[in-house]
Amino acid sequence: MRSSHDSLFSGFSRTALSAAVAIVVAAPAFAQNTTAAMGGRVSTADGKAVAGATVSIVHRESGSTNTLVTDAEGRYAARGLRAGGPYTITVLKGSDKDVRDEIYLQLAENQTVDLMIGGTTLNAVVVTGAANSKFNSGTMGSGTSIGRKEIDAFASIGRNLQDYARTDPRLSQTDKERGEISAGGQNSRYNSITIDGVRVNDTFGLEANNLPTTKQPVSIDAIQSVQVNLSNYDVTQQGYTGANINAVTKSGTNEVKGSVYYVYRDEKMGGQRYNRTNDTYFSFLPYKEDTKGFTLGGPIIQDKLFFFASYEELKSGRAQPEFGPVGGNLSTVAISQSAIDSLKTISQTKYGMAVGDTSGPTALNAKDYLLKVDWNINDQHRANIRFARTEQTDTNNGSFSGFSATGLQLTSAWWDQQKKIDTTVAQWFADWTPTFSTEVKVSNRDYNSVPLNYANLPAMAFQFTGPAPAGSPAGVNTGSRFLNFGTEQSRHFNVLDTKTFDGYVGATWALNDHEIKFGTDLSNNKVYNAFFQNTKGNYTFSCVNSSATYTYSFGAINCGTATAAQIEAAILENFTKGRPSSYQVQLPVVGGTLDAGIAQWAVQNTGLFLQDTWTASNKLTITGGIRIDRQTTGDKPAYNAAAAAPTVVGRVTGTTVVRNTGGFGLDNSVTIDGQELVQPRLGFNYSLDSAD
């Protein structure tokens, strides 16, 4: 059972101090998260530094321009640049001029471009090649960079970032069905996925694919560039110990560009499924899965203001149960179809309940919307803002707990999990002087997840033990098998809502041979977690041995030696008479409400960082940094006077009586030590006393 997390983080305050020192050669690269950087040295033909030269860096597609002046050592540096390109660099000093063209930048790359002016130089033709995964002097740790050309060239059936991240050989897929990947053998939940610098992970940590939805929240067609970070020692990095899969979305340009796409597959394209109990293969039930969407970007004001928009919708009926009753094509569970048919008949005629069947239509419907606006304020200031929404409805047939080699789940216990995520992120990049620049980023994400149940009933189950029914294949599991119906026990009262705010302020200051980075980041995550099992009650019906007070219409039975048919008959009669073998219900304490048990809390993380990159020579660069993180929460558990009382030596004894005298609705009651707790729920005609 998953529990509310009230007390686990009560008063929790932790300070973590991390320091990283690295010695590398040549120029370093700083992890920019959503942008790229460029820098270098301007010199004459004889190698002398050129101070006071004007360097102009132009992103040709948008007209975005950075104008810089070299320092006394001839150095220049530009940050907050768009990933991609092409860029044109022009350096000018008096009548001397040099131009470099067709320069492309990877996400988070700090590319070194040295320039030369004055004198006569012979242009050389240089042929270069680069591996997709690299560790060199321009990388803060090991990782892989993937541009738009690679994204367009590589195939991805799931159309998700994980598929592209796995081009890094240190990442492997550990569960294909769930989209789970591991970095260096670690648990997938140690990974972090960020888009435009905003973490899009499953906030609560339940999903193995690291995402809050089955489909990633932003279309892969809206992604410009991807970077995979492993062992990154840049002080701005935080929040993961596995891999950080970092992506940045596309931006509009001076040219109107767009795309329309459609992706389709069905059961004929997916191969066959395997029945592990009889070593046979069978075809999928018919299904259709398609994805359709579009992207569109262009100028609002030429060279100044741009937009980019995307929309994508996925519809799929592919999720289907893998297990079924005896006699079907699915992997066999030792439960007969006759037991299911009898259950359906009794439920309808005796109790007026429609409990469904073991199969039914399934649907995944996911939509995402995105709008991004980029603003070239002037040559020194740039800003952008991005809005995104994801909506998903996913049929859950209980495959995790209801369907297995020892269990089936009727459609009354299915539900549609509904999720909605709204994200806003804004960034501002400023070059205040040729040697001092800043970046400010704020984001907000609202996540909501609630189940839409197919029934409003207690959780109920038939428990079968002993021999398998006639017609079962050899080797079928004959341990306890459950036929679940009613409302699934964990969906009786289940709401998850999180609101996450992130802020980042960073500055870079070039001071002679040193480039100093410093700043702070803040994260605040508010959690509303209502998770109560069995608030509508949970009944289990099984075979109970005959006794003076426990009789059957067909005669006496010993469940340990009975046949499968006799056990089935006993369970069905117990259900007809409303005689559960066990019953449980979760109720509030006397005088309280269930709402008081909802986990409502917030956790904050505040980080401070400082990093110095010292260019000791043109062949040696030393980087040293320090980062401090402090995590706090104001959450406190409710005071419990009984728990605070002094302990007494000895054993506490008492009597607990649980009684249900039958009927429907409000006639049910639970009595504990003389205190009657009335709880409305579906009733059954039985009387059960137990004493402790």
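The values are calculated or read from the model by the stated rules, or taken from the named source; none is laboratory data. Remember, predicted model here, so these are calculated numbers, not experimental data. Every residue, glycine among them, receives a Cβ derived from its backbone with ideal geometry; neighbour counts consider all protein chains shown. The accessibility values were calculated without ligands, DNA or RNA, using every heavy atom of the protein model including side chains. Shrake-Rupley method; radii C 1.70, N 1.55, O 1.52, S 1.80 Å.
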Next on the checklist: Please determine whether any residue of segment 202-210 is assigned to a loop (DSSP other than H, G, I, E, B), touching a Pro at 6+ places or on another chain (Cβ under 8 Å) and under 26 Å from Gly298 (Cβ atoms).
Outcome noted: no
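Given the condition modelled with pLDDT of 85 or more and either farther than 26 Å from Asn232 by Cβ or in contact with a strand residue (DSSP E or B) (Cβ under 8 Å, 6 or more places away or on another chain) (or both), answer yes or no: does some residue in segment 116-129 qualify?
Yes.
Which of the residues spanning segment 574-605 are within 18 Å of Gly486 (Cα to Cα) and not polar (S, T, N, Q)? Outline the logic, then answer.
Residues of segment 574-605 that are within 18 Å of Gly486 (Cα to Cα), as a first pass: 574-586.
Within segment 574-605, Phe575, Lys577, Gly578, Arg579, Pro580, Tyr583, Val585 meet the criteria.
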Item to check | Residues (touching a strand residue (DSSP E or B) at 6+ places or on another chain (Cβ under 9 Å) and not in a strand (DSSP E or B)) located in segment 345-365 | outcome: Ser347, Met353, Val355, Gly356, Thr358, Ser359, Gly360, Pro361, Thr362, Ala363
Checklist entry - Which of the residues that make up segment 324-357 are of a type outside the set (Asp, Glu), within 33 Å of the chain's Cα centre (by Cα) and open to solvent by 20 Å² or more (accessible area, probe 1.4 Å)? => result Leu330, Gly356
Checklist outcome for this item: Among the residues of segment 160-193, the number that are open to solvent by less than 10 Å² (accessible area, probe 1.4 Å), outside any strand (DSSP E or B) and of a type in the set (Gly, Ala, Ser) is 2
Checklist entry - Can you tell me which residue in segment 587-642 is most open to solvent (accessible area, probe 1.4 Å), limited to those that are under 30 Å from Asn232 (Cα atoms) and part of a loop (DSSP other than H, G, I, E, B)? => result Lys619
Checklist outcome for this item: Of those in segment 513-548 that are within 30 Å of Ala413 (Cα to Cα) and without any contact (Cβ under 8 Å) to a residue 40 or more places away in the chain, the residue surrounded by the fewest Cβ atoms within 10 Å (Cβ to Cβ) is Asn545
Checklist entry - Gly471 versus (1) farther than 30 Å from Asn329 by Cβ; (2) open to solvent by 30 Å² or more (accessible area, probe 1.4 Å); (3) in a loop (DSSP other than H, G, I, E, B); (4) not acidic (Asp, Glu): which is the lone unmet condition? => result (1)
Checklist entry - What residue, of Ile567, Ile557, Ile571, is open to solvent by less than 50 Å² (accessible area, probe 1.4 Å), more than 28 Å from Gly506 (Cβ to Cβ) and in contact with a Phe, Trp or Tyr (Cβ under 6 Å, 6 or more places away or on another chain)? => result Ile571
Checklist entry - Quick one: how many residues across segment 358-373 are more than 24 Å from Asp221 (Cα to Cα) and surrounded by fewer than 16 Cβ atoms within 10 Å (Cβ to Cβ)? => result 2
Checklist entry - List the pairs whose first member sits in segment 47-60 and is within 30 Å of Lys250 (Cα to Cα) and outside any loop (DSSP other than H, G, I, E, B), whose second member is charged (D, E, K, R) and open to solvent by 40 Å² or more (accessible area, probe 1.4 Å), and whose Cβ atoms are under 9 Å apart, counting only residues at least 6 apart or on separate chains? => result Thr54/Lys93; Ser56/Asp379; His59/Arg82
Item to check | For Thr551: the one exception among (1) surrounded by fewer than 20 Cβ atoms within 10 Å (Cβ to Cβ); (2) assigned to a strand (DSSP E or B); (3) β-branched (Val, Ile, Thr) | outcome: (2)
Checklist entry - Of the residues Ala430, Ala461, which is modelled with pLDDT of 95 or more, open to solvent by less than 10 Å² (accessible area, probe 1.4 Å) and either over 31 Å from the mean Cα position of the chain (by Cα) or aliphatic (A, V, I, L, M) (or both)? => result Ala461
Checklist entry - Counting just the residues of segment 474-512 that are open to solvent by 40 Å² or more (accessible area, probe 1.4 Å) and among the charged types (D, E, K, R), which one comes out nearest to the chain's Cα centre (by Cα)? => result Lys499
Checklist entry - Which of the residues that make up segment 574-586 are assigned to a strand (DSSP E or B) and surrounded by fewer than 17 Cβ atoms within 10 Å (Cβ to Cβ)? => result Ser582, Gln584
Checklist entry - In segment 57-98, what count of residues is obtained for those that are surrounded by fewer than 18 Cβ atoms within 10 Å (Cβ to Cβ), modelled with pLDDT under 85 and among the charged types (D, E, K, R)? => result 1
Item to check | Selected residue [over 29 Å from Phe306 (Cα atoms), surrounded by 14 or more Cβ atoms within 10 Å (Cβ to Cβ) and among the β-branched types (Val, Ile, Thr)] from Val235, Val248 | outcome: Val235
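Quick check, is Arg318 at pLDDT 95 or above and either open to solvent by 10 Å² or more (accessible area, probe 1.4 Å) or within 30 Å of Pro434 (Cβ to Cβ) (or both)?
Answer is no for this residue.
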Checklist entry - How many residues does segment 445-478 hold that are farther than 23 Å from Asn538 by Cα and hydroxyl-bearing (Ser, Thr, Tyr)? => result 4
Checklist entry - Where residues in segment 374-418 are part of a strand (DSSP E or B) and of a type in the set (Asp, Glu), which of them is least open to solvent (accessible area, probe 1.4 Å)? => result Asp374
Checklist outcome for this item: All conditions in (1) modelled with pLDDT of 80 or more; (2) in a loop (DSSP other than H, G, I, E, B); (3) exposed (fewer than 15 other Cβ atoms within 10 Å of the Cβ) are true of Lys149 except (2)
Item to check | Output for segment 279-313, where each listed residue is over 27 Å from Glu391 (Cβ atoms) and surrounded by fewer than 12 Cβ atoms within 10 Å (Cβ to Cβ) | outcome: Asp279, Tyr281, Ile301, Gln302
